[in-house]
Amino acid sequence: MRLSVLFLALLLAACGRGPDRAPTGGNSSVGRQDLYHFGCGSCHTIPGIVGAHGKVGPSLEGIAGHSYVAGELPNQPPNLEHWIQHPHSVHPESLMPELGLTDAQSRDIAAYLYALK
Ligand code: HEC
């Protein structure tokens, strides 16, 4: 009985994200460490990341609810991951640097960002 309640709660939580924000398959707690490690917070305000109060780029709070990533890519997990990994392939002049993230790191970071309220 308890298990089925738990399952239902998980199901509801998953549905709450909507079809467009399907889980990235990444690990959000690893993503949180990567966000810190790569210094994303020097340019972005990111809830839950120590010292992440940057004002160069937009705040990443609530990004799950945005329609577009960087004002251009439909906000889907593969697009968010692509932007995080290769912003210059989208906006060659962007102030956001190519930081050399792996596929796994961008998936983990996207998982953390989508979990933000
Ligand atoms: C040197 C400053 C800088 C750093 C470091 C940086 N960014 Fe950015 N970021 C920006 C700027 C500026 C923009 C707006 C870019 C544009 O549209 O060209 C941006 C845009 C974004 C967006 C899109 C936001 C939106 O509202 O659509 C995401 C997501 C993002 N950055 C994530 C990251 C992550 C994750 C890292 C670390 C791996 C990172 N950024 C590191 C400057 C930075």
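The values are calculated or read from the model by the stated rules, or taken from the named source; none is laboratory data. Everything numeric in this text was worked out from a predicted model, so none of it was measured. Counting neighbours? That spans all protein chains shown, and the Cβs are built from the backbone with ideal geometry, glycine included. These accessible areas exclude ligands, DNA and RNA; they are computed on the full protein's heavy atoms, side chains included. Shrake-Rupley method; radii C 1.70, N 1.55, O 1.52, S 1.80 Å.
Quick rundown of the values:
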{"quantity": "From the options A110, A115, residue that is under 17 Å from T45 (Cα atoms) and modelled with pLDDT under 95", "calculated": "A115"}
{"quantity": "Residue check for A104: at positive phi and open to solvent by less than 50 Å² (accessible area, probe 1.4 Å)", "calculated": "no"}
{"quantity": "Residue count, the range 81-100 (criterion: touching a residue at least 40 places away in the same chain (Cβ under 8 Å) and either more than 6 Å from the ligand (Cβ to nearest atom) or in contact with a Leu (Cβ under 9 Å, 6 or more places away or on another chain) (or both))", "calculated": "1"}
{"quantity": "Candidates R2, R32, filtered to the one that is at pLDDT 95 or above and open to solvent by 60 Å² or more (accessible area, probe 1.4 Å)", "calculated": "R32"}
{"quantity": "Residue match in the range 47-56 (condition: open to solvent by less than 80 Å² (accessible area, probe 1.4 Å), near the ligand (Cβ under 10 Å from one of its atoms) and either touching a residue at least 24 places away in the same chain (Cβ under 8 Å) or polar (S, T, N, Q) (or both))", "calculated": "no"}
